[in-house]
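See below for the structure under consideration.
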Amino acid sequence: MHDLKAIRDNPQAFDDGLARRGLAPLSARLLELDSRRRTAQTRFQEMQARRNELSKQIGILKRQGQDASAVMAEVAELKDKVPAMEDEDKALGAEIDALLAAIPNLPAEDVPDGPDEEHNVELRRWGTPRDFDFQPLEHDALGEKSGLMDFDSAAKMSGARFVVLKGALARLERALGQFMLDVQTGEHGYTEVNPPILVKDDALFGTGQLPKFGDDLFRANTGHWLIPTAEVPLTNLVADKILDEAALPMRMTALTPCFRSEAGAAGKDTRGMIRHHQFWKVELVSIAHPDRSDEEHERMTGCAETILQRLGLPHRTIVLCTGDMGFAARKTYDIEVWLPGQGRYREISSCSNCGDFQARRMKARLKADKGNRLVHTLNGSGLAVGRTLIAVMENYQQADGSILVPEALKPYMGGVEAIR
RNA sequence: GGAGAGGUGCCAGAGCGGUCGAAUGGGCCGGUCUCGAAAACCGGUGUGGGGGCAACUCCACCGUGGGUUCGAAUCCCACCCUCUCCGCCA
């Protein structure tokens with residue numbers, strides 16, 4: 001959500017930011033509504049001030065035992081005008097709010113311009129893709145071969161984009177989740193949180209999924225939504241709060257299932273378990289001081305990269321261009337892991353600095369001497385567990401179809417050294 | 001699911017339908033005292049918005065949304081949430 005005052009102060013900067021996102025200018029329309037709204041508001045408030053004043057007089061007169069009927073007549077006359085004025089003020093306010101709620105965050109200055117993912121910029125690479133002396137398989141072929149990955153049974157009971165993992169492969173996924181959580185809590189200072197995974201509208205509005213992207217989510221018949229990421233409950237932990245500076249940065253992590261309808265992804269990644277309706281993810285969320293969110297963003301991205309490095313998985317880090325960023329982000333780093341079966345890098349983590357965009361939506365503030373400030377919110381995957389499982393399978397596969405367990409995961413695998 | 005209690009400022013907690021944006025305590029900030037600190041004492045301290053260069057001023061907000069009234073934190077209705085007891089249950 002954007003600050004109307006900031007748009008009022010510098011409409012050109014606002015429109016320039018929208019243009020970098022490939023969007024048409026909106027400041028003129030917003031400011032026109034804003035001006036009408038303030039006029040209506042002022043009139044309404046002046047009327048209320050008058051009404052308050054007269055009512056006060058009535059109280060005084062009555063207490064003194066005097067006749068208040070003249071004043072009461074005047075206030076009654078005033079009252080006839082209330083509904084119309086109130087309606088106008090409210091309607092304009094609602095129109096502005098609806099407009100603002102649907103506008104994405106503006107890109108940070110150092111985000112590269114570009115219309116789509118072709119224009120993302122690679123920043124660094126880690127690790128060298130392994131040389132195979134056989135043709136490496138994709139994860140789903142490997143999984144079916146071992147009989148530990150069952151798409152058919154999943155499809156029968158749940159439809160497309162689900163999977164059943166069994167035996168050592170199921171354990172490997174659990175091991176990955178535990179390993180990631182242990183690193184983020186034990187070494188990077190994130191506090192483990194076990195949040196609800198069903199949430200109400202307000203929470204999703206706060207992080208920006210609503211009102212625009214409800215189609216991407218699953219909804220229960222109680223009106224609850226299934227979270228698409230733990231970013232939602234973790235970030236909403238500071239909704240409506242006024243925090244002390246000493247509490248920042250507030251670093252939280254959670255291992256949760258995530259649910260996405262993938263409504264707009266028909267035909268994309270239909271094979272395998274790259275893009276499922278349900279997957280596990282370790283999420284990192286930082287609530288940062290507004291002056292220090294950029295450095296927190298770099299740190300968080302490093303915390304995610306660490307996991308891949310411990311697992312010995314080659315990866316690269318890119319910065320998303322303006323046209324490829326999500327709704328709430330002002331800057332996003334994607335980490336992509338090497339998948340030898342596919343022969344390319346695939347997204348495994350996305351780390352975003354949302355600036356004050358979500359904080360304004362959920363009223364998350366920092367106590368300050370004069371006028372409280374909005375905090376900055378950041379979120380990143382640390383990492384997507386399902387995709388990490390894929391990466392481990394493809395990178396650690398052997399000619400016979402077995403999969404070696406990475407050194408870092410052995411303590412979590414109860415003595416299993418290879419999955420076959 | 002049944003019965004009851006309750007949702008007020010950073011926290012705790014009071015509040016006859018009119019001078020209540022809200023007592024009191026705590027916390028926090030500033031000051032006095034002190035070599036310094038603690039204690040004690042004094043003063044300040046809600047959020048959001050409109051107008052104004054500013055001093056300042058106006059409006060709204062006491063879970064949410066309606067209603068009654070000249071006037072609502074206080075009365076009425078609905079909803080949400082929390083707590084206690086009972087029932088059911090992983």
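The values are calculated or read from the model by the stated rules, or taken from the named source; none is laboratory data. Values in this document were obtained by computation on a predicted structure and should not be read as measured data. Positions of Cβ are generated from backbone atoms using ideal geometry, with glycine treated the same way; all protein chains shown enter the neighbour counts. Heavy atoms of the whole protein, side chains included, go into the accessibility calculation; ligands, DNA and RNA do not. Shrake-Rupley method; radii C 1.70, N 1.55, O 1.52, S 1.80 Å.
Residues of the range A:104-118 with the amide nitrogen closer than 11 Å to a label point 7 Å from the Cα of A:Gln12, along Cα-to-Cβ, please. Correct set: none at all.
Working note: 222 nm ellipticity from helices only, DSSP H runs with n ≥ 4, each -39,500 (n - 2.57), summed and divided by the residues of chain A, gives -12500 deg cm²/dmol to the nearest 500. In straight-distance terms, cross-link reach from A:Lys79 covers every one of the aspartates and glutamates whose alpha-carbon lies under 14 Å from its own, apart from those fewer than eight places away in the same chain; here that gives A:Glu46, A:Glu53, A:Asp87. Among the protein heavy atoms of the range A:296-346, carbon and sulfur supply 35% of the accessible surface, probe 1.4 Å, non-protein parts ignored. Expressed to the nearest 5 percent, the antiparallel share of DSSP beta bridges inside chain A is 90 percent.
Computed with a 1.4 Å probe over protein heavy atoms only, the accessible surface of chain A comes to 48 Å² per residue. Projecting label points 7 angstrom from Cα along Cα→Cβ for A:Thr42 and A:Arg130 puts them 7.1 nm apart.
A straight Cα-to-Cα reach below 20 Å connects A:Lys156 with the lysines A:Lys145, A:Lys166, residues fewer than 8 places away in its own chain not being considered. Considering only A:Thr185, A:Thr322, A:Thr128, the mean-square fluctuation computed in a Gaussian network model of chain A, springs between alpha carbons under 10 angstrom, is largest for A:Thr128. Please find, in a Gaussian network model of chain A (springs between Cα atoms separated by less than 10 Å), the residue of A:Gln278, A:Gln57, A:Gln184 whose mean-square fluctuation is greatest. Maximum fluctuation in the GNM of chain A, among the listed residues, is at A:Gln57. As a length-normalised measure over Cα pairs under 8 Å and 6 or more apart, the relative contact order of the range A:308-384 settles at 24 percent. Other residues lying with their Cβ under 13 Å from the Cβ of A:Gly414 contribute a combined charge of +2, Lys and Arg counting +1, Asp and Glu -1.
Within the same chain, lysines fewer than 8 places from A:Lys241 are excluded, and of the rest, those with a Cα less than 28 Å from its Cα are A:Lys5, A:Lys90, A:Lys200, A:Lys212, A:Lys281, A:Lys331, A:Lys363, A:Lys367, A:Lys370.
When the surface is traced with a 1.4 Å probe over the full set of protein chains, A:Glu77 keeps roughly 130 Å² accessible.
Placing pseudo-labels 7 Å out from each Cα toward the beta carbon at A:Asp113 and A:Glu144 gives an inter-label distance of 4.7 nm.
Using the average count of surrounding beta-carbon atoms within 10 Å as a protection proxy, the listed peptides A:132-141, A:13-22 rank, highest first, as A:13-22, A:132-141.
Rolling a 1.4 Å probe over the protein heavy atoms leaves A:Lys241 with an accessible area of roughly 100 Å². The stretch between A:Glu298 and A:Ala49 holds 84.6 nm of extra length on full extension. This uses 0.36 nm per residue minus the Cα-Cα distance.
Computed over chain A with a Gaussian network model linking Cα atoms closer than 10 Å, the most mobile of A:Ala399, A:Ala364, A:Ala84 is A:Ala84. Working from label points 7 Å from Cα in the Cα-to-Cβ sense, the A:His224 to A:Glu407 distance is 4.3 nm.
Efficiency by 1/(1 + (r/R0)^6): what FRET value for A:Arg63 and A:Leu31, r their Cβ-Cβ distance, R0 = 60 Å, to the nearest 0.05? With R0 = 60 Å, the Cβ-Cβ based efficiency is 0.80.
Taking Cα pairs under 8 Å and at least six residues apart, what relative contact order does the range A:113-164 come out at, in percent? So the answer I get is 19 percent. A 1.4 Å probe over all protein chains sorts A:Trp280, A:Trp225 by accessible area into A:Trp280, A:Trp225, starting with the largest. Membrane-span-like helices in chain A, defined purely by DSSP H runs whose alpha carbon atoms cover 20 Å or more axially and whose average Kyte-Doolittle hydropathy reaches -0.5, are A:82-101, A:167-186. For chain A, would you read off the P(r) tail past 42 Å as a percentage of all alpha carbon pairs? Across chain A, Cα pairs with separations above 42 Å total 27 percent.
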